[in-house]
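The values are calculated or read from the model by the stated rules, or taken from the named source; none is laboratory data. The structure presented is a predicted model; accordingly, all values stated were derived computationally and were not measured. Reconstructed Cβ throughout: ideal geometry from the backbone, glycine too, with neighbour counts over all protein chains shown.
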Amino acid sequence: MLRGPLRHRDLRGSGDLRAARQAFPVAVGILPSPHRTVSAVADRPFLDRSFFASDPVRCAEALVGCTLVWGACAGIVVETEAYAAEGDAACHTFRRPSARQFVADHPAGAAYVYFNYGMHWLANVLVKGEAEGFVLLRAVQPVAGLAWMRRRRGPRDVAELCSGPGRLARAFGIDGRHHGVDLCAGGRRGFLARVRTPEIVRGPRVGISLAQEKPWRFAVGGNPHVSRPRPG
């Protein structure tokens, strides 16, 4: 279970988030390489289920700086959003019985994957502890498997490969087949612990029409892989 304060600064203006894209993040410590494999970065323990036995907001912040491993691909999580199962009009559980049933039926650390607006798959992680909800994976900084990512997304600049939740899912090959996958079961999918704690900025969630005021979006300050700001 997560304890103790986490370092962050407020991120309410789009100018701050634009500034967060201007410099490479020394804080996370790993430069992308077209030749690096997952085995080269998997030198730390995977997060176990207790990490996700928290509340969505704290878990979303703590996941920033960890490394997502998915088959042959890996990337440092540089942006997340929290969604609460209770009282959050922007969360799937607010209007979808199937989402509430998913929370009831699955353990903390399960992947919640859905198709958004008929366009993109989005990857979330279930949190069940002091409160229940989801952490949306909004952006990662690729560190391994770049050839696979470019095969799925085209020959794009590395900073654009996974800078947004839809881009991330496509680059990593995450889709509806992975809905319900246990990310704490070991094997080829999960999260590695942080190398070090980055400076974390926060602000309102984006790309939603309800509950926009909640400052539940977290990102690595100074990171060019963070998704672009949107109005509201």
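Is it the case that some residue within segment 40-52 is touching a Pro at 6+ places or on another chain (Cβ under 8 Å), surrounded by fewer than 22 Cβ atoms within 10 Å (Cβ to Cβ) and either aromatic (Phe, Trp, Tyr) or farther than 23 Å from Gly173 by Cα (or both)? Yes, segment 40-52 has at least one match. Checking each residue in segment 111-123 for being in contact with a strand residue (DSSP E or B) (Cβ under 9 Å, 6 or more places away or on another chain), surrounded by fewer than 23 Cβ atoms within 10 Å (Cβ to Cβ) and either in contact (Cβ under 8 Å) with a residue 60 or more places away in the chain or among the aromatic types (Phe, Trp, Tyr) (or both) picks out Ala111, Val113, Tyr114, Phe115, Trp121.
Only one entry in Arg228, Arg189 is of a type outside the set (S, T, N, Q), touching a Gly at 6+ places or on another chain (Cβ under 8 Å) and at pLDDT below 90, namely Arg228. Quick check on my filter: what residues within segment 176-201 are under 15 Å from the mean Cα position of the chain (by Cα), assigned to a strand (DSSP E or B) and either closer than 15 Å to Phe52 by Cβ or among the small types (Gly, Ala, Ser) (or both)? Within segment 176-201, Arg189, Gly190, Phe191, Leu192 qualify. Need the failing condition index for Leu126 against (1) part of a loop (DSSP other than H, G, I, E, B); (2) buried (at least 19 other Cβ atoms within 10 Å of the Cβ); (3) out of contact with any Cys (no Cβ under 6 Å at 6 or more places or on another chain), just the number. Evaluating Leu126 over (1) part of a loop (DSSP other than H, G, I, E, B); (2) buried (at least 19 other Cβ atoms within 10 Å of the Cβ); (3) out of contact with any Cys (no Cβ under 6 Å at 6 or more places or on another chain) leaves (1) as the failure. The set of residues in segment 67-99 being surrounded by fewer than 17 Cβ atoms within 10 Å (Cβ to Cβ) and either touching a Cys at 6+ places or on another chain (Cβ under 8 Å) or without any contact (Cβ under 8 Å) to a residue 24 or more places away in the chain (or both) consists of Gly87, Arg95, Arg96, Pro97, Ser98.
If only one of Ala108, Ala104 is in contact with a Cys (Cβ under 9 Å, 6 or more places away or on another chain), surrounded by fewer than 24 Cβ atoms within 10 Å (Cβ to Cβ) and either touching a residue at least 60 places away in the same chain (Cβ under 8 Å) or not in a loop (DSSP other than H, G, I, E, B) (or both), which one is it?
Criteria check complete, one pass: Ala108.
With respect to Phe134, is the statement that it is part of a strand (DSSP E or B) and surrounded by fewer than 21 Cβ atoms within 10 Å (Cβ to Cβ) true? Considered against the rule, which asks whether it is part of a strand (DSSP E or B) and surrounded by fewer than 21 Cβ atoms within 10 Å (Cβ to Cβ), Phe134 comes out as no. For segment 137-171, the set of residues classified as in contact with a strand residue (DSSP E or B) (Cβ under 8 Å, 6 or more places away or on another chain) and in a loop (DSSP other than H, G, I, E, B) consists of Gly145, Cys162, Gly164, listed by residue number. Candidates in segment 144-162 are the residues that are touching a residue at least 60 places away in the same chain (Cβ under 8 Å) and surrounded by fewer than 23 Cβ atoms within 10 Å (Cβ to Cβ); of these, the one that is farthest from the chain's Cα centre (by Cα) is Ala147.
Being more than 22 Å from Thr93 (Cβ to Cβ), touching a helix residue (DSSP H, G or I) at 6+ places or on another chain (Cβ under 7 Å) and not in a loop (DSSP other than H, G, I, E, B), is that true of even one residue in segment 202-216? Within segment 202-216, one or more residues are more than 22 Å from Thr93 (Cβ to Cβ), touching a helix residue (DSSP H, G or I) at 6+ places or on another chain (Cβ under 7 Å) and not in a loop (DSSP other than H, G, I, E, B). Listed here are the helices (runs of 4 or more DSSP H) enclosed by segment 1-96 that have at least 3 residues being modelled with pLDDT under 85: 14-19, 38-41. Here are some conditions: (1) within 19 Å of Leu126 (Cβ to Cβ); (2) at pLDDT 95 or above. Ser163 meets all but one. Which one does it not meet? Exception for Ser163: condition (1).
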